[in-house]
Each structure stands twice: as C-alpha cells, then as structure tokens.
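Accompanying notes for the structure given below.
The numbers here are math on the coordinates, done by the rules we state, and not lab data. Keep in mind it's a predicted model, so treat the numbers as computed, not measured. A quick note on method: Cβ atoms are made from the backbone with ideal geometry, for glycine too, and the neighbour counts reach across all protein chains shown.
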C-alpha cells in the first residue's frame, strides 16, 4: 500500500478490504486527482448521511459496497471507459466488469451498477437500494452542497485539507463537456450531459423539450397559455434572419428510441 493510499484509508477510516483497495487503485490510475478526491469525499459524506439517518453499516447497508459505488462512480470519465453511452452508463458497465472479474456477487454488482448509473438522477436513486440512495446523496453534497448544513462541524474542512477540491464543479463539468463535444451521442437531449452541452452551444443549436416536440412530426400544438407563451418565445428565437438557416438542427443531434 502506498503512503498516499495508507493515509487516506487510515485517516478517513475507509473500508480496508482487498476489493476496496483495488478499486481505489483502479480509480487512481484511471482518473485525475480531482475526480478521485471527489469520489472519496462523496463516500465520507454518504456514510455521514447514513449515520444521521440512523443507518448502521453492516446492518442497514453494505459499507464496502457503498465505498465501491462512490469510488468508481465517475470512472466513466476515464479514457478507457469513454464509449458511446452516457458517461454514467459507460462508467457503470466498466465498474461492473471490474467487480465481476474479482468474483463479486452478482447481486452486489447490480447495486453498484445502479449507484453509478443513477448518480445524476435525484428522485430515482433515492428509491433504490440503500447503498444507491446514500451514494447519490453523498455525491450531491460534494458537488452541489446538498444537505451540507447537516454535516458535523469541521468535517468538510478536514476533508478538503486532505483531499483538495481543485474547483471540482467546473473541472468535472469540463471533463463531461470534453467527452460530449467529441461524441455527441453521449449527451442525449434532456440528460445531465445534454443540458450541460446545450449551455455551451449557441442558442438553438441543441434541442430542449419543446424543440423535440416541435420536431416530432405528429403535429401536436400547445394547449395551455404557459406552453403557448414558451412556444412563441421559441419561434421568435428560431426565426432565421434573411439569408441564414434556422439555428435549431435536431437532425444533427442523436436521440435514441430508448433512453441511454
């Protein structure tokens, strides 16, 4: 065990098992330091949320599995996991293969897959297994500050001293955008990566919900005053100037028949 690895496991009381150490090393090799640090902080926050909710490791949830889901949750941003699916799904598939190769029980592999695939899906992850719900909660705390007011005094400062943020939110956004710009099929409209990409393109270059409805070909029309107002605003923005094309090109954006 390297000095850095030993320090992290001892200082933060991480699950000290063979598979936990292997997963840490895998994430350390495959992802930048800011991603690894985020993943470890997310686990600590997840475990803390569990304690606040009265959940006991080993009784109410599998602590090793919680760690595995957190430490590998952004493995989809690594070069080796950069396939043609959403980064969450590419990462979940990579993590599942990693765990299966090491003889992890299939039921636990499926829970880890859910934790990784659903980590950007609040409102869904919390209805799944406890490890999935806690993983998403911890990740949301580290990225968006969700429930940070419930953390014990000094915990966040201690974690940031040991595992620096390095402007995590923006660094992570840049990593997701880099993949999405290179492979737009990874940023399906209305997904997290899709919405992020839309914010970084000229207005109308990437479709939103009402754009998709307008290009569905079924001739549906807005019925409410609110939808009519949005439709009018969209039409005004999408009207081409003389000699120019409409800026909305949904034919250039992948939108699979089944969700990614």
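Side notes on the structure shown:
- Extension gain, residue 177 back to residue 10 (0.36 nm per residue minus Cα-Cα distance, nm): 56.7 nm
- Area projected by the alpha carbon convex hull of region 4-78, averaged over all directions, nm²: 4.7
- For region 75-152, the direction-averaged projected area of the alpha-carbon convex hull comes to 6.0 nm².
- Once the chain from residue 212 to residue 55 is taken as fully extended at 0.36 nm per residue, the excess over their C-alpha distance is 52.3 nm.
- Protection-proxy order for peptides 130-136, 82-88, 36-42, each taking the mean of Cβ atoms within 10 Å per residue, highest first: 130-136, 36-42, 82-88
- Using the Cβ-Cβ distance between residue 153 and residue 106 with R0 set to 51 Å, the FRET efficiency from 1/(1 + (r/R0)^6) comes to roughly 0.80.
- Convex hull per residue volume in Å³, alpha carbons only, for region 86-222: 181
- Taking only Cα atoms of region 3-166, radius of gyration then Dmax in Å: 14.3, 42
- Volume in Å³ per residue [convex hull over Cα atoms, computed for region 37-82]: 62
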